[in-house]
Amino acid sequence: MLQCIFLLSDSGEVMLEKQLTGHRVDRSICTWFWDQAVSQGDSFKDQPVIASPTHYLFQVVREGITFLACTQVEMPPLMGIEFLGKVADVLSGYLEGLNEDVIKDNFVIVYELLDEMIDNGYPLTTEANILREMIAPPNFVTKMLSVVTGNSSNVSDTLPGATSSCVPWRTADVKYANNEVYVDLVEEMDAIISRDGALVKCEIYGEIQVNSHITGVPDLSLSFTNPSIMDDVRFHPCVRFRPWESHQILSFVPPDGLFKLMSYRVKKLKSPPIYVKPQLTSDAGTCRINVMVGIRNDPGKMIDNITVQFQLPPCVLSADLTANHGAVNILSNKMCTWSIDRIPKDRAPALSGTLLLETGLERLHVFPVFQVGFRIQGVALSGLHIDKLDLKVMPTRLYKGFRAHTRAGLYEVRT
Amino acid sequence: MAPPAQSQRSPSPSQPSGKGEVSDLKLQLRQLAGSRAPGADDSKRELFKKVISYMTIGIDVSSVFGEMVMCSATSDIVLKKMCYLYVGNYAKGNPDLALLTINFLQRDCKDEDPMIRGLALRSLCSLRVANLVEYLVGPLGSGLKDANSYVRLVAVMGVLKLYHISASTCVDADFPAVLKHLMLHDQDTQVVANCLSALQEIWSSEASSSEEASRDREALLSKPVVYYLLNRIKEFSEWAQCLVLELVAKYVPADSNEIFDIMNLLEDRLQHANGAVVLATIKVFLNLTLSMTDVHQQVYERIKAPLLTLVSSGSPEQSYAVLSHLHLLVMRAPYIFSADYKHFYCQYNEPSYVKKLKLEMLTAVANESNTYEIVTELCEYAANVDIPIARESIRAVGKIALQQYDVNAIVDRLLQFLEMEKDYVTAEALVLVKDLLRKYPQWSQDCIAVVGNISSKNVQESKAKAALIWMLGEYSQDMSDAPYVLESLIENWDEEHSAEVRLHLLTAVMKCFFKRPPETQKALGAALAAGLADFHQDVHDRALFYYRLLQHNVSVAERVVNPPKQAVSVFADTQSSEVKDRIFDEFNSLSVVYQKPSYMFTDKEHRGPFEFSDEISNLSIGAEAASNVAPVSRVEANGNDLLLSTSDKEESRVANNNGSAYSAPLYDASALSVAAAPQTQSESAITSSASGYTPQASFAIDDLLGLGVPAAPAPSPPPLKLNPRAVLDPGSFQQKWRQLPISVSQEHSLSPQGAAALTTPQVLLRHMQAHSIHCIASGGQSPNFKFFFFAQKAEESSNFLVECKINTSTAKAQLNIKADDQSKSQEFTTLFQTALSKFGMP
């Protein structure tokens, strides 16, 4: 049970405070929190639950805004964290992005939203679709409308029908001139490659994002050609469990607009698309560095946005790095970034240079880890294929669009 | 929104100072109050916005309360909402002015628009002014009967708010009964969920005073209610599902069919997109199958994949919380996760506390088949930029080595660490090699060869230095230059800041002396002289002790200081298994994230349903403090045992010893005084320990005092009789509880009938009274109960005090027994357990 929610700006200023129960939480807790955050730095910012002298604090940071919730009682930690995450999602959907100004300009809407999302410390409705019907988002159209009609209320007059409907994520009366549905496979590849080039771990985390604009209450079913490769799946509440269990078919009534239909994990993959071969040789206080990048398993589509990033160890005094392709950038905190983008056809990109070590140090003891980034449009590296998407009942014409893309998640090469 | 007192804090320069603006606002609001001009609402809205934005940045705007209320007569819903917000914030501080708002809020509660009705009702209940509660009852009553579900769900929460303002008003109006009806019959699931959470709170706090409420609370866990909620679970919102699942986790099914039905029904919840639902479901599964070992294993298998997905998918905040839960499960059943060890590999840019958890899990899941890979991976981290993690991973390698898998390869790696020439790596590796040698003396040849090459000048950390010195002393016959290294260390005695190192130096030089007397004699003399002059009490005492021992008889001294050693089989664990079980019972709670059971960290005022009378609640805190101390001192003892012990006895004994009793023989004298100090009659303590009744202290004391106190054969004691009409007032109970040490701490299982019969604390009280054991305080709700009992010996006024924590879902009772007469405590424990196990029997 949460007692209070604060929104803090990236300078630690309290932008918003919402007391939820009779136990008023003094806002001095934010001062405490911010002092800790400043003194402890990044490691503090990553902790989701913090014990302060008086309260337990949940924090979720999105786009520089800290969402802070306080409680004094034992409660499921994920409930607090998930709820704050939902608040952040809903707000950024409503305000079309999150930043200090947009929250300050629309704080009345934020209050209204929080009022509907949580009551007396227990979360109520967090479905953006339903909230949208209760409180209209402050978009351009409503602004225009208010100027024209003079009626400037952003609260709809009727209560949403869905609060009482059996499909809580969708209202009954949606109408579109063109019925369309877009399905995106978005995958992230996590991999660890050891210094001798062996694949230590390679795994894909994928999501299916659906954007549906369909009249009425459509019933969709989506099937895959190779559902068995998925290791574990998680569904949006709209997915029916039985058809999946028996035939691996996703049968669902979609919410209106963009949503995450399912997420899945595929493990034990064998074919990372690119290789990165770093070589470091130390000699008498300097270290030669040499990095080669190339295609290892051609996915059949263009690989772009390739970057290689590494943190130079603190014992390196200076670095002189050049590349035969792309740009090399060294930040003041010794973070080196090599942006390659696409691999040219005629030659393999290579980075080389020398690192000057601290005086007294003969050779490098601490080796940097290379973090690789890339993007591949048009292919899901896990090999997952969508077989077909059917619309039951509704005979209307439906435009269906499919896309896939893969990008590197935590893709690291050790030296 | 700060309370008035806060507003004096100087605002930052960018913020308006407030004063002038507020009075300005006040003026403008007053002008607008009565206006019905066409643009009035718009200008009002601008002003309201300003007021609220001042409120938000912490400027006190309570002075415009009257004007705000005057302006609130409007049909504009946004204006209304802002006004509600303002009123809700300042009403508590201005109860008189709040009365002004009642009128318009009550009127809004009868508005045509359900949205306005709901909002008004919510604001009305959020005023939280005690003397206005009479105005709440009417609107709440009609709100609960409203045709619109939105109004009903607001009203249900309103009842809870009313209860917190004035419990008696709420109960008198019979609202709990209305909520109960709504919970079982309402169409809207959100209303049902709100009822459930409100009733749980109301009944839990009523239960201590009213039999009916506690019966009602029990009824929530009855089969019809639980099944009713389970059958509708898919209609509930995700948050309400969490609430229901939490309730189901406490439900005790009658038979295994029921268990399987519930698990089948809930299986798809494991694939829910909301992590909170997934974890709540997992908790239900774990709790249901606790008594069925084989199914419990299968549950682990089933929940593995969802947990691993949650860790790798969600936001970083989420994955840490899930990882903590995973950590708990991995520690309980490492073999189930041994094939998934790659999931616990650390990624480069993970925060270090995540890496730390992962390292612990990697250590736990290591077995014959994956040790090689895991150790290879851990060695990668040793070269990590993050030094604490590098240290941690070297320690992990050592722990795996101590688990006995593939020691050969690991020893090689550790020795490689020693050659890495990084001081922190060397330091950690030294400590590990020392532990390894204590467990596997057969590796001494290989290790000593490498350790001998390390220059003691390169080792700065006290722990590592102590380890090195220990090895020098222990293996002085194999290291040719050991006496000379020790000698050079002794020469620098004054520069050695750590008392620990100096203590070790004393012991090591002693050991070395017994093995190579001619070479060491000079160093020993210097060490003893330096030790005697040392300002540190322990060092001084140890030096004096050695000195006198040597004076008395050298061969006795050798027997004491350097006895033949057995290899250590198991090192004591840092967290007691009881604590781990407690955390497991609190799965899906903050306890898991903190790795401490909640009684160790939550604020005592908010501990929740435990309700004691004032006096007794002090007592329970005292008891908690005592149990708090135990694990801590145990941890310290562990830290010490690796280094301070000179006799190197088998450590497994530590597990059942109390921290204070654990030490090398030379500390026993002080240990004895520590153990005896809290006891009122120290004589009885000695006799009792000599007769071997108390499991603590006695081992160590016997060792040393075996010569001092002749162990008289204890006459077989007469059977223990208890006084059926014993009296003890809470004050003296409390006092005794603080003074006495825990003499017996045990876990005892209840008969299934007993666990089922224990629905309210009262039942057990009557039962125990029949066995002449009286209760002084009790509390808790199903499945957790807590009791304090006492009993007196029939013929004399010697008391036994018992703290008894019962969990009915696991049918386990945790007993902590204290006694005036320690020698009888075992006997009393048996008596108590017999009485307890008869509970529930016809």
Report summary line: Stokes-Einstein, Kirkwood over Cα pairs, the stretch B:120-236, 20 °C, 1.002 mPa s; D in µm²/s equals 149 µm²/s
Query raised in the report: With all pairs of different alpha carbon atoms counted, what Kirkwood hydrodynamic radius in Å does the stretch A:1-133 show?
Result: 14.8 Å
Query - Cα principal axis extents for the stretch B:297-359, largest first, Å - result: 33, 20, 17
Query - Alpha-carbon Rg with Dmax, taken over the stretch A:188-238, Å - result: 17.1, 57
Query raised in the report: Using alpha-carbon positions, what is the distance between the centroids of the stretch B:53-89 and the stretch B:425-494, in Å?
Result: 73 Å
Query raised in the report: If each of A:Asp105 and B:Glu211 carries a label point 7 Å out from its Cα toward its Cβ, how far apart are those two points in nm?
Result: 6.5 nm
Report task. Could you calculate the FRET efficiency of A:Leu280 with B:Tyr353 from 1/(1 + (r/R0)^6), where r is the beta carbon distance between them and R0 is 30 Å, rounded to 0.05? Result -> 0.55
Query raised in the report: the stretch A:17-77 to the stretch B:144-211: how many Å between their Cα centroids?
Result: 30 Å
Report summary line: Pairs over 25 Å Cα to Cα, from B:Lys49/B:Lys161; B:Lys736/B:Lys786; B:Lys399/B:Lys812, come to B:Lys49/B:Lys161; B:Lys399/B:Lys812
Requested in this report: Under 12 Å from the Cβ of B:Leu220, count the other residues' Cβ atoms, weight Lys and Arg +1, Asp and Glu -1, and hand me the total.
Outcome: +1
Query raised in the report: With charges only on Cβ, +1 for K and R and -1 for D and E, what is the dipole size of the stretch A:274-377 about its Cα centre, in debye, rounded to 20?
Result: 340 debye
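For the stretch A:39-84, take the convex hull of the Cα atoms, compute a quarter of its surface area, and give me that in nm², please.
That works out to 3.5 nm².
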Query raised in the report: Want the number for A:Lys260 to A:Tyr182: 0.36 nm per residue separation, take away the alpha-carbon distance, what's left?
Result: 26.9 nm
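Which is the longest part of chain A that has none of the GluC sites (Glu not before Pro) sitting in a DSSP loop with at most 15 other Cβ atoms within 10 Å?
Details: sites that count: A:Glu63, A:Glu96, A:Glu358, A:Glu362.
Answer - A:97-357.
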Query raised in the report: Hey, rough spin-label estimate for B:Leu27 and A:Leu317, points 7 angstrom out along Cα→Cβ, what's it come to in nanometres?
Result: 6.9 nm
Requested in this report: Excluding residues fewer than 8 places away in the same chain, name every one of the lysines whose C-alpha is closer than 30 Å to that of A:Lys388.
Outcome: A:Lys175, A:Lys260, A:Lys267, A:Lys268, A:Lys270, A:Lys301, A:Lys400, B:Lys234
Report summary line: FRET efficiency for B:His536 and B:Ala333 from the Cβ-Cβ distance with R0 = 30 Å, rounded to 0.05, comes out at 0.10
Report task. Can you check what the net charge comes to around B:Pro724, using other residues whose Cβ is under 14 Å from the Cβ of B:Pro724 (Lys, Arg +1; Asp, Glu -1)? Result -> +3
Report task. List the relative contact order of the stretch B:91-170 as a percent without decimals, with contacts defined as Cα pairs under 8 Å and 6+ residues apart. Result -> 30 percent
Query raised in the report: Given Cα pairs under 8 Å that are at least 6 residues apart, what percent is the relative contact order of the stretch A:360-415?
Result: 63 percent
Query raised in the report: What is the sum of charges around B:Pro306, taking Lys and Arg as +1, Asp and Glu as -1, for the other residues whose C-beta is under 9 Å from the C-beta of B:Pro306?
Result: +2
Query raised in the report: Where in the stretch A:317-337 is the amide nitrogen less than 12 Å from a point lying 7 Å along the Cα-to-Cβ axis of A:Glu358?
Result: A:317
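For the pair A:Lys345 and A:Ser28, what calculated FRET efficiency results from E = 1/(1 + (r/R0)^6), where r is the Cβ-Cβ distance and R0 = 51 Å, to the nearest 0.05?
Computed FRET efficiency for A:Ser28 and A:Lys345: 0.25.
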Requested in this report: Just the Kirkwood number for the stretch A:274-377, please: inverse of mean 1/r across all distinct Cα pairs, in Å, one decimal.
Outcome: 14.4 Å
**Report entry** Residue (of A:Thr286, A:Ser352, A:Ile303) at the positive-pole extreme of the stretch A:274-377, dipole from beta-carbon charges
**Finding:** A:Ile303
Query - Rg/Rg_globular for chain A, with Rg_globular taken as 2.2 N^0.38 Å and Rg from C-alpha atoms - result: 1.18
Requested in this report: Let me see the pair-distance distribution of the stretch B:420-520: every alpha carbon pair, 10 Å bin width, integer percents in order.
Outcome: 16, 52, 30, 2
**Report entry** Gyration tensor (Cα) of the stretch B:251-326, equivalent ellipsoid semi-axes in angstrom
**Finding:** 24, 12, 10
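Read-outs throughout are calculated quantities, based only on the coordinates presented, and are distinct from any laboratory measurement. Predicted model, so just to flag it, every value in this text is computed and none were measured. When we count neighbours, we look across all protein chains shown, and the Cβ atoms used for this are built from the backbone with ideal geometry, even at glycine.
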